[in-house]
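Right, one structure below, let's go through it.
The values are calculated or read from the model by the stated rules, or taken from the named source; none is laboratory data. Keep in mind the model is a prediction, meaning the values are calculated, not measured. Neighbour counts run over all protein chains shown; Cβ positions are idealised from the backbone, glycine included.
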Amino acid sequence: MKSTFHTLSRYDHKTIHLHWITAGLVIALWCLGQSIDWFPRGMPRIVARSTHISVGALLAMVLCYRMYWRSTEGVRLPALGSRRLDQLGHLVHFLLYVSLVGVIVLGITNAWVQGDTLFNLFKIPALDAGNKALRRQVEELHAISAHLLLILASLHAIAGLFHHYILKDGILGRMLPGLERL
């Protein structure tokens, strides 16, 4: 394993890009998830749901690669703040990863329980086609977990801004793409 604790001031480019790709996919998926029911029934809604499922699958692949990269070659930076803030940061990152995995697993389960059609080209077999209560429950759990993930990610972003504007400790600059430390 190459993963070591570096004294660098920034994360490596791949870690930074994977972070922002993940953030963008989560926001896009949440927005699309909130608007799927706005589409008329039939092909427009099938395309919206299919896009949501496809982008969710892309997020799953990015997350798997991100976790692989982090555990093998990704740069690990030392803490810049207090021990408590560092521990809180580790806890939040752990919860973000767990939340991402949970939302993705519930999304896969939801597509399977619903028996979704992908772009009218492929039908995901329904787990229990007649069980509307199960379909509603899984869809609701997926939605709740997505809301919780977005809340946690928002708190993570606010913490980055707090570090930048209040603590002025350079933490935010470590993860910004294409910039040296702010």
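Points worth noting:
- A48 satisfies every condition listed in (1) at pLDDT 90 or above; (2) surrounded by fewer than 16 Cβ atoms within 10 Å (Cβ to Cβ); (3) among the small types (G, A, S) except (2).
- Residue match in the range 139-162 (condition: among the β-branched types (V, I, T) and more than 19 Å from the chain's Cα centre (by Cα)): no
- Any hit, the range 131-154, residues being surrounded by fewer than 15 Cβ atoms within 10 Å (Cβ to Cβ), modelled with pLDDT under 95 and farther than 21 Å from V103 by Cα: yes
- Restricting the range 83-107 to residues that are of a type in the set (V, I, T) and at pLDDT 95 or above, the residue that is nearest to I144 (Cα to Cα): V103
- Some residue of the range 119-128 being more than 24 Å from H13 (Cα to Cα), of a type in the set (G, A, S) and surrounded by 14 or more Cβ atoms within 10 Å (Cβ to Cβ): yes
- Those residues of the range 24-40 which are loosely packed, with under 12 Cβ neighbours inside 10 Å and either of a type in the set (F, W, Y) or touching a Leu at 6+ places or on another chain (Cβ under 7 Å) (or both), in sequence order: W38
- Residue in the range 155-169 that is farther than 25 Å from H13 by Cβ, in contact with a helix residue (DSSP H, G or I) (Cβ under 8 Å, 6 or more places away or on another chain) and part of a helix (DSSP H, G or I) present: yes
- S71 vs. criteria modelled with pLDDT of 95 or more, exposed (fewer than 15 other Cβ atoms within 10 Å of the Cβ), assigned to a helix (DSSP H, G or I) and hydroxyl-bearing (S, T, Y): no
- Test for G170: is it surrounded by 14 or more Cβ atoms within 10 Å (Cβ to Cβ), under 24 Å from S50 (Cβ atoms) and small (G, A, S): no
- Test: residue in the range 94-115 that is within 25 Å of D169 (Cβ to Cβ) and without any contact (Cβ under 8 Å) to a residue 40 or more places away in the chain: yes
- The number of residues in the range 18-68 being part of a loop (DSSP other than H, G, I, E, B) and either among the aromatic types (F, W, Y) or at positive phi (or both) comes to 2.
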